[in-house]
1. Which of THR116, THR45, THR74 has the fewest other C-beta atoms within 10 Å, and how do the rest follow up to the most?
2. Positive end of the charge dipole of the stretch 37-171 (Lys, Arg +1 and Asp, Glu -1 on Cβ, about the Cα centre): tell me which of LEU88, ILE165, THR99 has its Cα farthest that way.
3. I need the shape label for the stretch 42-181. Rule: rounded when a/c is under 1.5, else prolate if a/b > b/c, else oblate, with a, b, c from the alpha carbon gyration tensor.
4. Calculate the spin-label point distance for GLU40 paired with VAL141, positioning each point 7 Å from the Cα along the beta-carbon direction, and give it in nanometres.
5. Please list the non-local residues whose amide H lies under 5 Å from the amide H of ASN101, H modeled 1.01 Å from N, same-chain partners needing a gap of 5 or more.
Amino acid sequence: MSGLKGILLFSFMAIMLLTACEKKEIEERLPKDMPKIILEKLCLTETKSGQRLWTLNADRADVYDEIIKVDEVTVRFYDENEKEYSVLDAPRGELNTRTHNIFVEDSVYVVTNDSTKLYTESLFWLNDSAKILTDAYVKIVKGDGTIIEGRGLRTDPRLSRIEIIGETKGTSPIVLPDIRK
């Protein structure tokens, strides 16, 4: 009987060793940047004291430790009455799950409820200060026909307080009155 126990014990240990080696080989062949979870049709809402601040919608989301990579992303910003006042669209982006900061890129478009439009290649949403930042080229078109272009931007999501950081150019439809009249 003890010989049979020895054979069973040896067989069990051999199977465990082979299984462990097989698992290690599989893990070594897997890419290191595999997401932990892959989601389709993600909708995420940021709130403060129960009030909706913004929502992020994406067709696909790859969830990693602190980063969620999203495709076909839309971020909607809301005022204190939870009325939408601007919408950001981009083909792809990333959300930091710890800071709730968002980075979007590749033909980014923002439009506000007063028809102001922002075009750029990348934007960074700094969640704790509620600011939009970029070091890329930007073009802003206001509803009155004003066009502002430049490199680098700091603004709020309403696009009401715009600061172009680098070189700036623009046109305005405003006609100044004649001072002599």
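We did not get these values from a lab; they are worked out from the coordinates using the rules stated. Here the structure is a predicted model, which is why all the values come from computation and not from measurement. So basically every Cβ, Gly included, is an ideal-geometry build from the backbone, and we count neighbours across all protein chains shown.
1. Fewest-to-most ranking of THR116, THR45, THR74: THR45, THR74, THR116.
2. Checking the options against the dipole of the stretch 37-171, the answer is ILE165.
3. Prolate, since a/c reaches 1.5 and a/b exceeds b/c.
4. Going by the 7 Å Cα→Cβ label model, 3.5 nm.
5. Answer set, sorted by chain and number: ASN96, ASN127.
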